[in-house]
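**Q** Take a look at the following structure, please.
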Amino acid sequence: MNKETVMPPRIQRHEKIIALVREHGFMPIDTLARELDVTPQTIRRDINLLCEENILRRYHGGAALGESLENEDFLSQKNKLQSEKAHLADLVAAHIPDNASLFMSIGTTIEAVAMALVKNHKNLCIITNNIHVAAIVSGRSDYTVIITSGVVRPVDGGVTGVATVDFINQFKVDYAVLSASGIEPDGSLLDFDYKEVSVMQAMMENARTRYLAADQRKMSRNALVRMGDITEFDVVFADEAPNEAIRKKLDEAGVECVVVGQAAEEQT
C-alpha cells in the first residue's frame, strides 16, 4: 500500500513562519510560538535556519523578510503599480503644484507618485533617497533632481545612513511625500529599517507640508521600527477609507484624509 508523503513537522513550521512573516511584515518570536504551539526556543532555531538561507532577517525579538523574499516581493509590488497604486499616485500628484520643491522617499507607492508627476507637472525640484524615483523624473529637463548621499540598498534602490540624514537637513522644501511599511490600528507608522526611519523623520522635519500615501495593504501590517504617528502629517491619501479609530484620530487632530474614489465623487 502506498503511503502518503508527509511533510516533516519542521518544514511545515518553516512554511507557516514564512507565511505569517510575509502577511504581517514582522512577527515577534513569542507570537510565532503561540501561533504554532511550540516553544520560543524552537522558533529561534527555525528563524536562525531561515536566516542562513536569506529567507528571513533576524531582529531583536522577532523576524522580517530576508533579502531573497524581499527581492521577490519588491518586484511583485512593482508589477502591480498600474493596477493598484496609479489612482492613489494621481491623487497625491494633484495636490502638488507646479514650481514646488519636495522630498520623495523609498517605496513603490512613491515611485508611482513620481510617474504621476512627470506627466503634467512643471519646474519641480525633487530631492530623493530613492534611485528609482530619480531615474523616473530625471528625464524632464525642467526638473531639478537631487539624490541624497548614503549607502544604496540593493533590494529597493533606497539610499540610507547617517550621511543621508545630514544631507536632508541642509534643505527646507515645500512638501514631503512619504509612505510607511506598516500602519497600526492606532495610527502608529512603522518601518523595518531604523536607518530609513531616520531619513523619513528628517524629511518630515524639513518640509512645510507633509503628505502620507497609505495603500490598504499597509494597514495593520507589523514592522519593527516606529516612524511616528499618522497625525504628524497634513494630509493622508488612501486607496480605501481607514478604520473608524484612525479616522476619528485624524479628525480630532485636524488632519485631512483624502480617499481614492471619494475625492472624485465630491468633485462631481
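The values are calculated or read from the model by the stated rules, or taken from the named source; none is laboratory data. Source: prediction; values computed, not measured. Virtual Cβ from ideal backbone geometry, glycine too; neighbours counted across all protein chains shown. Surface areas here come from the heavy atoms of the whole protein model, side chains and all, with no ligands, DNA or RNA. Shrake-Rupley method; radii C 1.70, N 1.55, O 1.52, S 1.80 Å.
**Q** Return the pairs, sorted by first residue and then second, in which the second residue is among the β-branched types (Val, Ile, Thr) and open to solvent by 70 Å² or more (accessible area, probe 1.4 Å), the first residue lies in region 129-156 and is within 18 Å of residue 173 (Cβ to Cβ), the beta carbons are less than 6 Å apart, and the residues are 6+ apart or on different chains.
**A** 134/147
Table: residues versus (1) in contact (Cβ under 8 Å) with a residue 40 or more places away in the chain; (2) in contact with a Pro (Cβ under 7 Å, 6 or more places away or on another chain); (3) on the phi > 0 side of the Ramachandran plot; (4) of a type in the set (A, V, I, L, M).
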site: 167; (1), (2), (3), (4): no, no, no, no
site: 175; (1), (2), (3), (4): yes, no, no, no
site: 199; (1), (2), (3), (4): yes, no, no, yes
site: 203; (1), (2), (3), (4): yes, no, no, yes
site: 208; (1), (2), (3), (4): no, no, no, no
site: 225; (1), (2), (3), (4): no, no, no, yes
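**Q** Within region 224-258, count every residue that is assigned to a strand (DSSP E or B) and not small (Gly, Ala, Ser). Explain how you work it out, then say what you get.
**A** Quick first cut of region 224-258, residues assigned to a strand (DSSP E or B) only: 225-229, 235-238, 256-258.
Checking which are not small (Gly, Ala, Ser) leaves us with 225-227, 229, 235-237, 256-258.
Adding up the residues that qualify gives 10.
**Q** Looking at region 145-172, which of its residues are surrounded by 16 or more Cβ atoms within 10 Å (Cβ to Cβ) and polar (S, T, N, Q)?
**A** Hits for region 145-172 are 148, 160, 164.
**Q** Within region 88-104, restricting attention to residues that are within 17 Å of the chain's Cα centre (by Cα) and modelled with pLDDT under 95, which residue is nearest to residue 158 (Cα to Cα)?
**A** Here is the first cut: in region 88-104, the ones within 17 Å of the chain's Cα centre (by Cα) are 88-89, 92, 103-104.
Among the residues that remain, those that are also modelled with pLDDT under 95 are: 88-89.
Working: 88: 21, 89: 19 Å.
Top of the filtered list is 89.
**Q** I'd like to verify a number: residues in region 1-34 that are more than 23 Å from the chain's Cα centre (by Cα) and modelled with pLDDT under 90, how many?
**A** Matching residues across region 1-34 total 16.
**Q** Suppose we keep only residues that are farther than 15 Å from residue 173 by Cβ and among the aliphatic types (A, V, I, L, M) within region 115-128. Which one would you say is least open to solvent (accessible area, probe 1.4 Å)?
**A** For region 115-128, the residue satisfying everything is 116.
**Q** Determine, yes or no, whether residue 180 is open to solvent by less than 10 Å² (accessible area, probe 1.4 Å) and assigned to a loop (DSSP other than H, G, I, E, B).
**A** Values: open to solvent by less than 10 Å² (accessible area, probe 1.4 Å): yes; assigned to a loop (DSSP other than H, G, I, E, B): yes.
Yes; evaluated as a whole, the condition is true for this residue.
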